[in-house]
Structure formats: C-alpha cells, structure tokens
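The values are calculated or read from the model by the stated rules, or taken from the named source; none is laboratory data. The shown structure was predicted, so the numbers you read here are calculated from the model rather than taken from an experiment. Note that each Cβ is placed from the backbone with ideal geometry, even for glycine, and that neighbours are counted across all protein chains shown. These area figures cover heavy atoms from the full protein model, side chains too; ligands, DNA and RNA do not enter into them. Shrake-Rupley method; radii C 1.70, N 1.55, O 1.52, S 1.80 Å.
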Amino acid sequence: MDFNHTDDRRMLADTLGRFIAGQTDPMARAEAAKTAPGYDPAVWTRFAELGVIGALFGPDDGGFGGGGFDIMVVFEALGAGLVQAPFLSTLLAGRALAAAGGRADEIEALIAGTMVIAFAHQEGGAGYDLDHVATRAERNGNDWVLTGSKSVIADAEGATLLLVSARTSGEVGDRDGVSLFLVPVQASGLDVRGYPCVDGGRAAEVRLDGVTLPATALVGTEGDGTGSIADAVAAGLLALCAEALGAMAVVRDATLDYLRTRMQFGEAIGRNQALQHRMAALLIEIEQARSAVINAAAALDGPGNARERMLSAAKYTIGRTGTLVAEEAIQLHGGIGMTWELPMTHFAKRLMMIDHQLGDEDHHLARYAALSRAA
Amino acid sequence: MDLSFTPDEEAFRHEVRAFYAGSLPPSLADRIRLGHGLTKDEQEAWQATLARRGWLVPHWPVEWGGTGWSAVERYIFDLESSLANAPRPIAFGFNMLAPVLLKYGSEEQKRHWLPRMLDGSDWWCQGYSEPGAGSDLAALKTRAVRDGDDYVVNGQKTWTTLGQHANMIFALVRTNDTGRRQEGISFLLIDMTSPGVEVRPIITLDGDHEVNEIFFTDVRVPVGNLVGEQDRGWTYAKYLLTYERTSMAAVGSSTAALAWLKSLAAKQQRGGKPLLDDPLFAARVARAEIELANLSTTALRVVAAVAGGGAPGAESSMLKVKGTELRQEISALARRALGPFAQPFLPEALEDGFNGEPVGPPDAAAVTPQYLNLRKLSIFGGSNEIQKNIISKMILQL
Ligand SMILES: Cc1cc2nc3c(=O)[nH]c(=O)nc-3n(C[C@H](O)[C@H](O)[C@H](O)COP(=O)(O)OP(=O)(O)OC[C@H]3O[C@@H](n4cnc5c(N)ncnc54)[C@H](O)[C@@H]3O)c2cc1C
C-alpha cells in the first residue's frame, strides 16, 4: 500500500501549482465571468504548453496520463487556485470522443489547446438524469437535423464545437437511442445564449432549431452514445471532486488563519473551545472527503459497478462536505465572510456550486443505493 | 392547555389579512418573497401606507402612535405580515431606536424624533459595529469629544445596513477611557448629512449593496443629540438588542418561504417525477416543516410568557438560533431544488422591467443570491455562537 503519488504526478502537481500561483488570480475569476468566453485564452494556451491537458488523456488518445490519479492531481491544483479555464469541458468532451472512437484529430486539438469543445448534454427538464435526452436528431437524406435545447452548458460561447447528445430513437429517459454529434458553433439554427455563473465562469442556454449537419458530424455509432457519455461523466465526477478538495484546503487554511488572528474579547476567537470544536469537526470531514476522492480515483479505471459506486460515494461526500465547509467558513469569519472582497468567499461559492454539477448529494446518495442493490 | 386563538384574535387575524389583500401591491410582495430589496421610494411609500392605516408602529405606546395590541395580537400581526410577504418597516428607527428614546430619551427628543419617524422625515441606520468591535461590541473605538455645545466625532462604523439610504444614524461612541470599557460609551444621534461623514459601499458575496462602511472625520454633533447620560450608552444599547432579537424567530417568513419552496419543487422534475416526490428531498422538506411547527409553538410559548407578565430574556436567544437556522435551511433547499439552474448569476433578471429571457424556472435567478445573502442571519443581531454563550450563561448557569 502506498498513499503517495508517483514522482511524475508529484512533479506535475508542483509545476502546475507554481504556474497557477504565478499566473492566475482567484479574484480574476468573477471579473472574467462578465464577458465571453469567461476565461483568459492566453492562460489556456500556457496550460496546454505545460502539458496539463495532455495529462488528462491516456497514451492511446495522444496524451500521457489519463488515469484516475492524473485527473485528481490536476483538478486538485486547479481547485486550490480557483482557476477558471475550460478544463472540465475539455475532459468531458475529450473523454466522450475517446470512448466513441474515430476522433483522434479533435482530441489532438484539445490537448494542444487550439480547440475547445463544450459538452452539451444536460437539458432543462432533466434534473441530473443522464438518460433524459429530449433533443432529437432526424435523418434527412445524408444529413442529420437536430432540434431541441441544452441547459447550463459551460464554455459554449468560447467553443469551436459543441458535442451535442440527441435522440435518434426511443423516448425521453430511455438508455438507448442517444447519439453524439459535433456541431460547429456557427452552424445555422444554433443559438447560444451565454451568462455568468455564481461561482465565476460562464455557461449558456443552447437552442438547436433544425440544425442541419453532414453525416460526418455523427460521433461513434448511431444510438450508442450513452456509454460514451457515462465514461465522460465518470471522469468529470472525479475531476469535480478533486477540484473541491483543492478549494476546501484553501478555505480551511483561510478560516484557521482567521481563527488565530481575529481578536475579540481580548483574545483570538480561536481560543474559544466552541470554535475549536467546529474547526476540528471540519478537519475530520475534509479528511474523510479526501479518502472518498482517493477511493474514486483508484476505481476510475476499474470495472463498471464498483467504479460508479465509488464515484457516487465521492460526489455525495463532496456535495455534503463542500457545502458544510463553505457555510462554516463564512460563519466563522463573521461579517467579513459575507463580503465579495474576500477571496475565501469565492472559493466557498465554488464549493457550493460544485454540488449543482453532474448530480448533487441526494442524487448520488440515491444512485449509490441503487447501484449497491444491483451489484 | 389550549393552543387556539380566541374568537377576537381570529377576527383580528382576518382583519389583517383583509388589509394586505386590499393594500399590498403584488409586485412588492413578489420582491419580498424573492428576497430582493425595495428601492428607497418603494419602502417609504409602503411605510406611508402602513402609517395611514395606523399600523406602522404597533408596539409603541398609544399616545405616540401605537395600537395598544396585546402580545398575542402583535404576534398575529407579525405572522400575517410575513405570510403576506409584506415589506417590513425598516427596523432601525421604529423597532430599535424608538424603544430606547421612549425609555431613556428626554421629552424634547421624543417629541422631535418620534413624529419624524412616523411621517418619513428620517431614515435611521444602526452604528454599532466597527472593524475591531463585532461580537465584542464594547471594544468600539469611535470617539466623541465634548467641545462647547457639540461633540466632535472621529472613527469608523461598519456593516451599516442600508446606510446609503439613511440621513440619520444612532451610534455608540467612546466618551471615556477610564474604568470598565462598557462604562465609557455614549449613545449619540448623528445627522449623516453633516460635514465629515462619508459612506462607502460594501459589496456582499451575492453581489448586492446592502451594507456600508461609515467614516467620521471631525463630525460635529450637538450635545442635544446625546441620549440619556454621557458614558451610560451601554445600558441603552443592551436594552435595544433584546428588541432586535425577539423578532428573529421568523416563523412567518419561514412559513411563507416553505410554501414557495414546495410550489417550486412540485414543478421541478427528477427522474421523470416531481422533485417533491423524491424520497430524499421530501424528507428534507418534511424535516423543515416539522422544525417550523415546533418553532411556531416555542415562539408562542415565549409570547404567552410575556403576555403573562414575564420578560423575554435569554429565551429570545433560542428563538434567534432556531429561527435563523431554519430560514437558512429553507433557502438551501430552494437552491437544491433548482438543480443545475442554481448556477446562472443574473442579477439583472431581478430588476423591475427586465424583459430578457429568464434561465430555468421562473424566479430562479433570485434563489442562489438569496441563499447566499441569508448566511447573514446567523452572523448579525448577535451571532448564533454568541446566542449560545448567552443561553449557557443565563439559562444553564454554566
Ligand atoms: C449583512 C449584515 C448586516 C449588518 N448590519 C449591521 C448594522 O446595520 N449595524 C451594525 O452595527 N452592525 C451590523 N452588522 C454587524 C454584525 O452585528 C456583526 O457582524 C456581528 O456582531 C459579528 O461581528 P463580526 O462580524 O465582527 O464577527 P466576529 O465577532 O469577529 O466573529 C467571528 C466569528 O467568531 C465567533 N465568535 C466571536 N466571539 C465568540 C465567542 N466569545 N465565543 C464563540 N464564538 C465567538 C462569531 O460567532 C463568529 O462566528 C451586520 C452584519 C452583517 C453580516
């Protein structure tokens, strides 16, 4: 048993940590969110040059990482820097393309940082149900015609392509009959309406109104998209959980520092045992969350049911703990914890919002129970 | 034991309901429901409506404009006001300063300041907290030095709610450094239009401007604006704080918020079913509803004790802790109910006259900001930790 990352991963984490500390400002995140694309493209290019994007993909796909612990190392560093860049979109879209096969050129462009592909799967009425696809793709001669809408799609404005899921057969909620399509952002009939998000970054409402695509737009096999989507989301869940670990560590340290330095009643507020116990309880929860993420990272490359269960266990734990850490940190900061000016509050908001991506605490608790019954 | 209201109290409840049904513009109620502040003009207009009905200051003595209601009637009025999502009169003047003036102010001060509250001449804000003096209020440093017929004030207040709208601030200032810290504090009424007063906005984590920093540089305040005796302000300040806390059970506002939460969750789909049918979410809602029913009776028990001649003491700390935690939980559930739609940040969608396309369910844009904003409930009015310290000391005698 060895709980240390390999030397390669440690080096990656060091390089990345240094770069993030020098190049990105947590407070810039909210500012960048005001206009499309919501991040600094020059910094994105630098990330690619550093090989960070390549670390998210396996050698078969042109990368040099791609394992659970590679994803964990990268996203934890991103979380600690509150980095706003299309990492999650790239991971989701790239993983789905890799799973579907036949899209080496696009994946190469993703890794090189020359192209962003948004993962346009989620729909308004779906909640967090991955099988809820109402968007339809119909054949018209050799072409495909897509109609429907996608909701809260990250990075859609800055993307070159959208990876859109659409139903080619069956009914909303069916597992089968979903296909994936690469849709150019300038395609006629495609409407992308962007907006800022609470935790920085931008997302968009996407409408497809009879978007006509050539046969080559279909990714992988017709009707077989669900497996690729599941593969992408599995990696995405791990990424979000690891990002939360990074953000939680920052929030923890900031709060601890505040408890030690904020004087009231002639002593540091951290001298109050009531607050010491609150902080001690947080520490326990954060360590538990780290273990959950390690479990998930170890399971990512393993067999299906166990993998999915560990991912849901991690996302459930992170959803609960992330919110707890954010709320407690604000409370223990008192009035200062309510301010925009304090970097900690932006990390806290990111933690809260992670619970709204790819399924919240309740969703993953129920999913875990269902998977356990099926195991 | 009898938990029901008397027929007279029931009749009174209907009278209050009828008033709101007839006088409260739905657009204002919507704003309150969504936790979105009123403009200064709207707030003043609504307070004038209440004043015309004679219900602006129910708790004041009748000779000054109060209603003479019993504790139970006041409770009913508060509850119904919240259920109707009626804007509340800005508490600083009506609920905090006024009781202090009535008890400790001179006749002249009462005659001058109380009518000006009623007719809307003054908008008051509360100048207690300072950067170094939050929970430990007695650490305050803003100084007032007597110079002829004036005090000269220097220092800084912070977290001043709606200070940007106020023309008057009641402030705790240090007038004496000898003896216990609490014994050198005075209670001063300061005209914010005086030279040397500067108001700077503080933006909160939800992106809103609700609180301010206020700087005082050689601000001259006539000695006639001192309430009570110099150096005795701590007594008055503490008297005021008990008034601040009793209203914080927020049973009415939690009841209204819970009803709205349920209607929101009924319309959200999870796995092809309404979210309200999701067992985990339903359990969360049920827990909140049970807590609320319990709290409602706990609050009524405190009211009944007061009606029977008791004074609300440390019991109001219990109501504050539970009431704020519950209100926060309901707002967290609304955020949860939105799913992915909790993420968009569209403050402009909350403005009047917004005609863009909303994102997600109606009113979704208000939910996460309100959740973030309501984190304040457990921080201000004496933080919940401080309330527990009070309970430990006063009730548990630990
Ligand atoms: C939105 C908002 C509006 C406000 N409006 C006003 C206003 O209009 N006028 C005004 O004067 N003030 C206002 N306040 C200030 C408010 O009263 C203070 O924030 C509050 O008293 C806490 O003080 P603090 O922020 O300095 O936190 P601190 O006192 O520094 O507390 C930090 C943390 O330590 C805890 N703590 C401190 N001491 C102890 C202890 N002895 N035991 C256990 N825990 C402890 C606190 O509970 C808190 O969790 C407002 C605050 C907010 C957030």
### Query
When N is the residue count of the protein assembly as shown, what does its C-alpha Rg come to as a fraction of 2.2 N^0.38 Å?
1.04
### Message
Can you list which of the DSSP-assigned H helices in chain A have a Cα extent of 15 Å or more along the long axis and an average Kyte-Doolittle score of at least 0.0?
### Response
A:68-80, A:87-100, A:225-261, A:273-299, A:343-354
### Summary
With the charge dipole of region B:7-89 built from beta-carbon charges (+1 for Lys and Arg, -1 for Asp and Glu) about the Cα centre, the Cα from B:W69, B:L38, B:P25 projecting farthest to the positive end belongs to B:L38
### Message
Calculate the FRET efficiency for B:S392 and B:T6 from the Cβ-Cβ distance with a Förster distance of 35 Å, rounded to the nearest 0.05.
### Response
0.40
## Note on the structure
Which of A:A299, A:A217, A:A274 fluctuates most in a GNM of chain A (C-alpha springs under 10 Å)? That residue is A:A274
### Task
For chain B, find the longest principal axis of its Cα atoms and tell me its angle to the long axis of helix B:233-246, 0 to 90°, nearest 10.
10 degrees
#### Entry: Unsatisfied cross-links (Cα-Cα over 22 Å) in the set B:K157/B:K238; A:K315/A:K349; B:K322/B:K393; B:K103/B:K322; B:K40/B:K267; A:K34/B:K40
B:K103/B:K322; B:K40/B:K267; A:K34/B:K40
### Message
Charges on Cβ only, +1 for Lys and Arg, -1 for Asp and Glu, centred on the Cα centroid of region B:102-232; of B:G179, B:A139, B:L118, which one is farthest towards the dipole's positive end?
### Response
B:G179
## Note on the structure
Rounded to the nearest 100 Å², the accessible area hidden between B and A, summed over both chains at a 1.4 Å probe radius, is 3800 Å²
### Task
Kindly express, to the nearest 10 degrees and within the range 0 to 90, the angle between helix B:315-338's C-alpha long axis and the longest C-alpha principal axis of chain B.
40 degrees
### Task
In whole angstrom, note down how far apart the Cα centers of region A:246-299 and region B:326-398 are.
23 Å
#### Entry: Measure of compaction for region B:102-232 (Cα Rg per 2.2 N^0.38 Å)
1.04
### Message
If the only charges are +1 at each Lys and Arg Cβ and -1 at each Asp and Glu Cβ, what is the size of the charge dipole of region A:272-375 around the Cα centre, to the nearest 20 debye?
### Response
240 debye
### Query
Say each of A:D105 and A:D191 gets a label point 7 Å from the Cα, pointing the same way as Cα to Cβ; how far apart are those two points in nm?
3.1 nm
### Task
Any lysines with Cα under 19 Å of the B:K262 Cα? List them, leaving off those in the same chain fewer than 8 positions away.
B:K273
### Task
With label points built 7 Å along Cα→Cβ from the Cα atoms of B:V223 and B:Y239, find their separation and express it in nm.
2.2 nm
### Task
Might you report the magnitude of the Cβ-based charge dipole of the protein assembly as shown about its Cα centre, with Lys and Arg at +1 and Asp and Glu at -1, to the nearest 20 debye?
1760 debye
#### Entry: Two-site FRET efficiency, A:I284 against A:T212, from Cβ-Cβ distance with R₀ of 60 Å, rounded to 0.05
0.60
### Message
Could you check the spin-label model distance between A:R175 and B:I290? Points 7 Å from the Cα along Cα→Cβ, value in nm.
### Response
3.6 nm
### Task
Go ahead and set up a Gaussian network model of chain A, Cα springs under 10 Å, then flag whichever of A:V325, A:V83, A:V185 fluctuates most.
A:V185
### Message
Nothing charged except the Cβ atoms of Lys and Arg (+1) and of Asp and Glu (-1): what's the magnitude of the dipole of region B:1-99 about its Cα centre? Round to the nearest 20 debye.
### Response
360 debye
### Using a Förster distance of 51 Å, the FRET efficiency for B:R146-B:Y20 (Cβ separation, nearest 0.05)
0.60
## Note on the structure
Mean-square fluctuation maximum in Gaussian network of chain A, Cα pairs under 10 Å, restricted to A:G304, A:G359, A:G227, hits A:G304
### Summary
To the nearest 10 degrees, the tilt of helix B:364-373 (Cα long axis) against the first principal axis of the alpha carbons of chain B is 40 degrees
